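A quick write-up on the structure given underneath.
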Amino acid sequence: MFVERFTASLIALLLATPAAGADPTADAWASLARADVEAIHRDVLGIHPGVRDPQNPAFVATMEGHYRTAQARAAAAHSYLDWRDAVNGFIQSFRDGHTFVRYDAIPANLRWPGFLIDGRGTGYVAALVEGAPGVANGDEVTACDGQPIAEVLKTRLDAREADWSKAPERVRQAWRGFIDYRVDGPPPIKACTIVHDGKPSEVTLKWRTTPASTLVPRTSPLQRVIPGRPVALDYRPDGAALIRIGSFGDEVPLKALADAMTAGQAKLRAAPYVIFDLRGNRGGNSTWGGTYGRILFGDAVVDALDEPSTGKYFRASPQAVARLRLIAQEFTDDGPGMAEVAAYWTKIADRVAASPDGDTKLFTDYVNPPVPKPKVPPVPAYRRPIYILTDAGCFSSCIVAANTLIKLGGINVGEVMGENEEYGEITGPIALPSGLGRYWLPISIIRQRREDLGGTPVKRAWNGAMDDDAGVYGWIAGLAR
C-alpha cells in the first residue's frame, strides 16, 4: 500500500530492509495509530466543552467507550487503512460535524465500479458514470447484493466514514459507498439494481483501479462543496434579486454585499422575488443573516424575532484558553478586514481566562436579556416571495443564518441543510503526531433549540443536481409564478 505523502520517519520505516519474513510496516502503523488516537483523546479532555457540559452528563463516559474501541483498533493496525479506521472511527464517534479530520495522505489508487452515487430527494442516483456497463448518469440505484441501498450504505459507512444518523450526511457522503481504498481482495459490492427509464435491472459491477488524485477531486459536487462560490448581489432576467452567499467566513466580501444591498435597497425591495443562495456555505459569522434581513425587511421586523440561542459557553482550561488566543491571533493576522472579529475573540479569551471558577464550570460570555417584543407585529418592508436555497453542504453558521431568514418569511427550498449540534465554533487545525492529517474540535457550546439545529426537510424539494444553477434557478422562477 502506497500513499501520496508520508512523514520522513514513516518513509524510512516503510523502505527499511526487513529481516527475512518480517513485515516492516505492521508495527509502524500500530504505533502511529496509537499516538494519533491518544493525541485526539488528550485534546478532547483538555479542549472540548462537552467534558464540562452539565446538560450532557454522559459525554465523558460515552467518549471514553469510543476511545477504548479506537485504542483496540489502533493496537491491531497493520496498514494505512487500519490506521485510518482507528482515527476516523474515533472522530466519527462524536457524531458532530464540528469534530472532523482532514487527511494529508490518501492511497495513491482506489477501486470503483465506474460510477458513484448522489443523494437526490429520498433516493440515490448514479453520478460520474464512466464506462460502467448498464449504468447511465441519473439512473436510480435502489438495492445492492439483495439489500436496500440505504442499508448497504449504512453498513459500509456509518461510524467509520460518515454519521448516518443525520439526513444531510446520508446525502452528502453517499458517494463514499462506491469507493474502495482496498485494491485487492473481493470488491465490497457485487451487483446492484439499477432503474433506467422506470425499468429495473440487475447489473454486475465491474470494479477497476484508478488514481485517487484523478477521481476524488471530482466528487466536490457530490459532497456539496462548491469552490469559489461568490458573495454577491445580482438580478435574474425576470428581475428577481439573486443574493449568493458562498461563505460566511470572510468579512470583507460580506460587508461589500451589505453595502451593495443598502445602496440598491429600492431596487432590491421592488424585485418580484428574492433568492438567498446558500448552497455549499460551510459557515462563519451567522449574524450576517440578520444584517441582510434588516436591509430587506427593516430593523423592526428583525428586532421582533426571538433570539436563536440562549447563551454561549466556554471552558476555562489552560488548553481551551490557549486555543481561544490562537483563534484571536489568526483573525488578527488576516488583516484589517477581520479586526472586529479578532477583537471579539481577544475579548472572549481574556474573559474566559479570568473565570473565577477555572475549569470546574463552563464560563458564559453573555446571557441575552429578554427583549420586549412589540404587541403588534411590525409590517415588513418586503412582502413578496423570498426563497432560501440550501443544500446538505449548508452547515454551522449557515444553518443559523438560514433559520433567521426563514423566520423572517423565507421559504426553504432545494435540499435539506446540514445539522448542527450545540457544540460550535471550531479550533484547529491540530496536527496528528503521525503527520498524516489534521483535526479540528469545537470550542464552545451555543445553546439552541433542537428545531433550530437544522436537518429538517425543506418546504419545496429540488430533485435535480444541486450544482445545476440554470436548472435550480429556473425551477424557483416557476415556484414564484
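Points to keep in mind about this one:
- Residue 38-residue 463 pseudo-label distance in nm [points 7 Å out on the Cα-to-Cβ vector]: 5.4 nm
- Listed residues 140, 415 arranged by accessible area, highest first, probe 1.4 Å: 140, 415
- Using the Cβ-Cβ distance between residue 215 and residue 375 with R0 set to 60 Å, the FRET efficiency from 1/(1 + (r/R0)^6) comes to roughly 0.50.
- The range 210-300 - Debye-derived log10 I(q)/I(0), Cα point model, q = 0.22, 0.23 Å⁻¹: -1.09, -1.16
- If you plug the beta carbon distance of residue 130 and residue 102 into 1/(1 + (r/R0)^6) with R0 = 25 Å, you get a FRET efficiency near 0.40.
- With 23 Å as the limit, the listed pairs 154/190; 312/347; 166/255; 407/459; 166/199 have 166/255; 166/199 beyond it between alpha carbons.
- Spin-label pair residue 235-residue 365: with each label point 7 Å from Cα along the Cα-Cβ axis, the two points sit 3.9 nm from one another.
- R0 of 45 Å, Cβ-Cβ distance residue 76-residue 256: FRET efficiency to nearest 0.05: 0.25
- Per-residue HN-Hα couplings for the range 339-350 [Karplus 6.51, -1.76, 1.60; θ = phi - 60°; Hz; x = Gly/Pro]: 4, 5, 5, 4, 5, 4, 5, 5, 4, 4, 4, 5
- Under 5 Å from the amide H of residue 208 lie the amide H atoms of 112, 114, each residue being 5 or more positions distant or on a separate chain, with H modelled from the backbone and absent for Pro and chain starts.
- Proximal aspartates and glutamates relative to residue 206, as straight alpha-carbon distance under 15 Å, when same-chain residues fewer than 8 apart are discounted: 130, 145, 180, 184
- For the range 110-251, a/c is not less than 1.5, where a ≥ b ≥ c are the root eigenvalues of the C-alpha gyration tensor, and a/b tops b/c. That puts it in the prolate class.
- With the highest mean first, a sort of the peptides 69-79, 470-480 on other beta-carbon atoms found within 10 angstrom per residue produces 69-79, 470-480.
- Amide H to amide H, with H built 1.01 Å from N, residue 231 comes under 5 Å of 246, counting only residues 5 or more places away or on other chains.
- Judged by the ratio a/c of the largest to the smallest principal axis of the C-alpha gyration tensor, the chain counts as oblate, that ratio being 1.5 or greater while a/b is no larger than b/c.
- Of all accessible heavy-atom area on the range 50-142, the percent that carbon and sulfur account for (1.4 Å): 51 percent
- Here the Karplus relation 6.51 cos²θ - 1.76 cosθ + 1.60, evaluated at θ = phi - 60°, turns the backbone of the range 159-173 into coupling constants of 6, 10, 10, 7, 9, 6, 6, 10, 4, x, 6, 5, 8, 6, 10 Hz, with x for every Gly and Pro.
The values are calculated or read from the model by the stated rules, or taken from the named source; none is laboratory data. Here the structure is a predicted model, which is why all the values come from computation and not from measurement. Every residue, glycine among them, receives a Cβ derived from its backbone with ideal geometry; neighbour counts consider all protein chains shown. These accessible areas exclude ligands, DNA and RNA; they are computed on the full protein's heavy atoms, side chains included. Shrake-Rupley method; radii C 1.70, N 1.55, O 1.52, S 1.80 Å.
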